[in-house]
Amino acid sequence: MLSALAAKLQQSLSLLQKQDIQTASQALGVGAEWASSKVLLGDDCAAIPDGDGYLLLAAEGILPQFLETEPWFAGWSAVMVNVSDIYAMGGCPIAVVDTLWSQSSSSTNSIWDGMKAAAQAYNVPIVGGHTNCHSPYNALSVAILGRAKRLITSFNAQPGDLLLIATDFRGKSHPQYPFWDAATTADPIQLRENLAILPYLAETGLCDAGKDISNGGIIGTLLMLLETSGCGAVLNIDQVPCPKELALERWLMSFPSYGFLLSVRPDNASAVQSYFHQQSLVCEVVGEVQPTQQLVLRSALPFGNAKGERSSASLSGRESVVFWDLSQQTLTGFSKVGGEGEIPDFLKKSGI
C-alpha cells in the first residue's frame, strides 16, 4: 500500500540526514539577515552574481565508511557529485580543489586514482587543495567552481509547473549503497554531452527551476526543491520511471549519478523532454507543483513484488497520502523569503 511505502521512505536514513542541514540554516540565521543577500542559501551551488552571469561555488564531503570501503569510487564520486551540482544550476564547471586527510601516503593512492579518472572523464581539472598524510583518520572533501549565464535554481518552482525526472538507465545498482552507477563505465564524451543539456535549457529559457537528484533520492530532492520554493506538489508514484532491476522503494531514495528533477512550465515540457530523449535518456513527467506546502504521494496502482512490479488497477482505486507538510515540519530550514516568497531582483534581472 502507498501508506506503507510512505512510512518506510519517511524513516530513510538518507532523508533524515538532510535534516542535519538545519544546523547550517540555524547557525547562519536564515531570515532577515540574508533576505537582501545577493547569494541565496539552500541551492545546489552558491550563485554569485559576476558580470553578465554567475560564478557557481559548491563543495561535497564523502561519507567516512564509503571512503574506507571503496576509496577509488569515493574519489570518483567526490568529483562527480560536484560536477552534477554545477550543471544542475545551468552552469559549466571550471575547476575543482580537494581536501584530503589520510593515515599514510600509500592510503591516498586509490583515492587519487578515482579523483583523476573522474576529472578526466568530465574534463574538469584538479587545480589545488590541501593534503595531510599524518592524520588519525581518512577524510575527503572536494569543492568546485563553475560559471553560468542563466540559472536553474531551486527557488523558482511555481504552482502549475510540471515535475520532470531526467535520468540514465544505462547503468547498474551498487551492491551496498543506494547508488545507481551510470557514469564510471560510460563514454566520457557522452557523459559531457548529456550534462550539457542543462545549461542549454537554462540559456534558452526552457527551464529555470530544478535540482540534481542527490543522496536523498527523488523524494528528498523534491522536498528540498519545494521547501526553497515555498510550494507543495503531487508526485504520481506510478509515473516515476524506475530501472527494472530495482524495487521502486530503493529507487526513490537512490543517488542516480545522472539525475535531475526539473520544474517546468507546461508549455515547455515537451521541448525539454525532447532534448533528453535525443540522447537516449529517460525524461518523464511525474507530477505537478501545487500552491500548498504539502508533498502528496499519489498512486492508482497497487504495489506488488520486491522488484516494484505493479499490476494494473482502475483510477477509481487511486490512493493519496500526505508525505510531508512543510508548513508543519521543515527539512533543511532553507526557504524563500519575503512575504509571498518573491524571487530577489538580482535574479529577475537575469531572466530567472
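Looking for something modelled with pLDDT of 95 or more, part of a loop (DSSP other than H, G, I, E, B) and buried (at least 18 other Cβ atoms within 10 Å of the Cβ) - is there at least one such residue anywhere in the range 302-321?
The answer is no, given that none of the residues of the range 302-321 is modelled with pLDDT of 95 or more, part of a loop (DSSP other than H, G, I, E, B) and buried (at least 18 other Cβ atoms within 10 Å of the Cβ).
Can you work out which of the residues in the range 234-251 that are among the aliphatic types (A, V, I, L, M) and outside any helix (DSSP H, G or I) is surrounded by the most Cβ atoms within 10 Å (Cβ to Cβ)? Reasoning before the result, please.
Our first condition is that a residue be among the aliphatic types (A, V, I, L, M); within the range 234-251, this holds for 234-235, 237, 240, 246-248.
Narrowing the set further to residues that are outside any helix (DSSP H, G or I) leaves 234-235, 240, 246-247.
Working: 234: 17, 235: 24, 240: 20, 246: 19, 247: 16.
Top of the filtered list is 235.
Take the range 128-147 and flag every residue that is in a strand (DSSP E or B) and over 25 Å from the mean Cα position of the chain (by Cα).
Listed by number, the residues that qualify are 128, 130, 131, 132.
Could you please find all residues in the range 255-272 being under 30 Å from residue 12 (Cα atoms) and out of contact with any Ser or Thr (no Cβ under 9 Å at 6 or more places or on another chain)?
Within the range 255-272, 262, 264 qualify.
How many of the residues in the range 148-172 are buried (at least 18 other Cβ atoms within 10 Å of the Cβ) and not in a loop (DSSP other than H, G, I, E, B)?
So the count comes out to 8.
Filter the range 196-233 down to residues that are on the phi > 0 side of the Ramachandran plot and assigned to a loop (DSSP other than H, G, I, E, B) and give me whichever is surrounded by the most Cβ atoms within 10 Å (Cβ to Cβ).
230
Does any residue of the range 176-195 turn out to be closer than 21 Å to residue 218 by Cβ, in contact with a Phe, Trp or Tyr (Cβ under 6 Å, 6 or more places away or on another chain), in the same structural domain as residue 269 (by TED's automatic domain parsing) and not in a helix (DSSP H, G or I)?
yes
The values are calculated or read from the model by the stated rules, or taken from the named source; none is laboratory data. Just so it is clear, the structure is predicted and the values come from calculations on it, not from any experiment. Note: ideal-geometry Cβ built from the backbone for every residue, glycine included; neighbour counts use all protein chains shown.
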